[in-house]
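This report concerns only the one structure given below.
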């Protein structure tokens, strides 16, 4: 049994049955049944693995610490629920026959469930009003909305201004001041930045994408031009509403002391200044990934690691954290940047010749001097 689970099978499993088909697609790589031979042990009492198991075929024996046994048959009502879900596990699970299991990462499943339940009322309400539920689901599945409370999302939807635009329309232009951000409701758009006389295509945006937020967060001119590739609809959110409803819950800031604690737990400094600034002085073992290149080079980062973004004033690092949150990374900004630190801390953090890392093209990093 190696084919992915069917929709009927997914709808029979609790609490998977509350997820949307879009969310099932996100789990697609994990929805392939895993075989186990008769007599093999699945887990013991005390097991701490953050994995969710469902029995799909065959028979299991569950034995508690006091010797009580329970035979679990696939297809029974009990098999529609996760096996021994509490951690640490309270039972031993052993295959009585050849069996088939669904094995899911518990953290991913919890995130999807939390999202679905938090926004379920909002989606139902929008559907009853004839709104575009599919687009909102796609928007809200952007990882940054995992940190945005549902009342904020509801308020944001009420304040969005709908603009129907033709292919070739420039929605925002490089060098202009930023007074709003946009969400792409339909169509496709292209992000282009000027490099001297050259024009560099940075990205192609699809429905649900947010753009224009970097100029708001950094209080700098637009750093790219966004043009529609086909007729489409964009939704405009004014600067004031952006800061009140999205920036505040999404951009996490930490003090230097909090950053030190995170570093001791395996976090890494991420310097989002220009390379010239970085080479003058930077934090030891930091990775330089300038803000204007972050969207292109973020794939070099590790989604299991925490990143501590810093710059001079804190503006660029705030932009970096917002962008990394959109891409599903865990990041914090150093509050007020390095210029906000007392001189003794700033001099201790930044060194002129300490080793670090530079993000290069071609998907690689290299040691800096």
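Can you pull out every residue in the range 201-213 that is more than 17 Å from the chain's Cα centre (by Cα) and under 17 Å from residue 175 (Cβ atoms)?
Scanning the range 201-213 gives 202, 212.
Could you list, ordered by first residue, the pairs with Cβ atoms under 9 Å in which the first is in the range 24-51 and on the phi > 0 side of the Ramachandran plot and in the same structural domain as residue 90 (by TED's automatic domain parsing) and the second is assigned to a loop (DSSP other than H, G, I, E, B) and crowded, with 16+ Cβ neighbours inside 10 Å, at least 6 apart or interchain?
Between residues of the range 24-51 that are on the phi > 0 side of the Ramachandran plot and in the same structural domain as residue 90 (by TED's automatic domain parsing) and residues that are assigned to a loop (DSSP other than H, G, I, E, B) and crowded, with 16+ Cβ neighbours inside 10 Å, the close pairs are 46/89.
Out of all the residues in the range 263-273, is one or more modelled with pLDDT of 90 or more, exposed (fewer than 14 other Cβ atoms within 10 Å of the Cβ) and either within 25 Å of residue 152 (Cβ to Cβ) or in contact with a strand residue (DSSP E or B) (Cβ under 8 Å, 6 or more places away or on another chain) (or both)? Give the steps one after another, and end with the answer.
Of the residues in the range 263-273, the ones modelled with pLDDT of 90 or more are 263-273.
With exposed (fewer than 14 other Cβ atoms within 10 Å of the Cβ) added as a condition, the list becomes 264-266.
Filter again for either within 25 Å of residue 152 (Cβ to Cβ) or in contact with a strand residue (DSSP E or B) (Cβ under 8 Å, 6 or more places away or on another chain) (or both), leaving 265-266.
Yes, because at least one residue in the range 263-273 is modelled with pLDDT of 90 or more, exposed (fewer than 14 other Cβ atoms within 10 Å of the Cβ) and either within 25 Å of residue 152 (Cβ to Cβ) or in contact with a strand residue (DSSP E or B) (Cβ under 8 Å, 6 or more places away or on another chain) (or both).
Does the range 145-156 contain at least one residue that is touching a strand residue (DSSP E or B) at 6+ places or on another chain (Cβ under 7 Å), in a strand (DSSP E or B) and over 30 Å from residue 83 (Cβ atoms)?
Residues of the range 145-156 that are touching a strand residue (DSSP E or B) at 6+ places or on another chain (Cβ under 7 Å), as a first pass: 156.
After this cut, where a residue has to be in a strand (DSSP E or B) as well, the list is none.
The answer is no; no qualifying residue exists.
Counting just the residues of the range 118-144 that are in contact with a helix residue (DSSP H, G or I) (Cβ under 7 Å, 6 or more places away or on another chain) and either exposed (fewer than 15 other Cβ atoms within 10 Å of the Cβ) or not in a helix (DSSP H, G or I) (or both), which one comes out modelled with the lowest pLDDT?
The residue in question is 141.
Test residue 112 against the criterion of being farther than 28 Å from residue 239 by Cα, touching a helix residue (DSSP H, G or I) at 6+ places or on another chain (Cβ under 6 Å) and surrounded by 17 or more Cβ atoms within 10 Å (Cβ to Cβ), and give yes or no. Step through it out loud before you land on a result.
Details: farther than 28 Å from residue 239 by Cα: yes; touching a helix residue (DSSP H, G or I) at 6+ places or on another chain (Cβ under 6 Å): yes; surrounded by 17 or more Cβ atoms within 10 Å (Cβ to Cβ): yes.
Yes, satisfied.
Hey, among the residues in the range 301-324 that are at pLDDT below 90 and more than 12 Å from residue 218 (Cα to Cα), which one's nearest to the chain's Cα centre (by Cα)?
Looking at residues that are at pLDDT below 90 and more than 12 Å from residue 218 (Cα to Cα), I get 303.
From (1) closer than 19 Å to residue 20 by Cα; (2) part of a helix (DSSP H, G or I); (3) modelled with pLDDT of 85 or more, pick out the condition that doesn't hold for residue 104.
Result: residue 104 passes all but (2).
Step by step: first the residues of the range 169-184, then only those that are within 23 Å of residue 140 (Cβ to Cβ) and touching a residue at least 60 places away in the same chain (Cβ under 8 Å), then the one that is surrounded by the most Cβ atoms within 10 Å (Cβ to Cβ). Which residue is that?
The extreme case among them is 181.
In the range 332-349, which residues are on the phi < 0 side of the Ramachandran plot, buried (at least 19 other Cβ atoms within 10 Å of the Cβ) and assigned to a loop (DSSP other than H, G, I, E, B)?
Listed by number, the list holds a single entry, 341.
Determine which member of the set 363, 328 is modelled with pLDDT under 90, loosely packed, with under 15 Cβ neighbours inside 10 Å and within 13 Å of residue 289 (Cα to Cα).
Of the residues listed, the single one that is modelled with pLDDT under 90, loosely packed, with under 15 Cβ neighbours inside 10 Å and within 13 Å of residue 289 (Cα to Cα) is 363.
Test residue 202 against the stated conditions and say whether it is farther than 18 Å from residue 296 by Cβ, in contact (Cβ under 8 Å) with a residue 12 or more places away in the chain and either in contact with a helix residue (DSSP H, G or I) (Cβ under 9 Å, 6 or more places away or on another chain) or loosely packed, with under 13 Cβ neighbours inside 10 Å (or both). Walk me through it before giving the result.
Working: farther than 18 Å from residue 296 by Cβ: no; in contact (Cβ under 8 Å) with a residue 12 or more places away in the chain: yes; either in contact with a helix residue (DSSP H, G or I) (Cβ under 9 Å, 6 or more places away or on another chain) or loosely packed, with under 13 Cβ neighbours inside 10 Å (or both): yes.
No: the conditions fail for residue 202.
Applying the selection to the range 250-259, what residues are more than 17 Å from residue 316 (Cα to Cα) and loosely packed, with under 15 Cβ neighbours inside 10 Å?
257
Need a quick list: strands (runs of 3 or more DSSP E) entirely within the range 206-320 having at least 3 residues that are within 27 Å of residue 132 (Cβ to Cβ) and in the same structural domain as residue 184 (by TED's automatic domain parsing). Outline the logic, then answer.
Values: elements: 225-228, 232-238, 268-271, 306-310.
Correct list: 225-228, 232-238.
The values are calculated or read from the model by the stated rules, or taken from the named source; none is laboratory data. Values in this document were obtained by computation on a predicted structure and should not be read as measured data. FYI the Cβ positions are ideal-geometry reconstructions off the backbone, even for glycines, and counts take in every protein chain you see.
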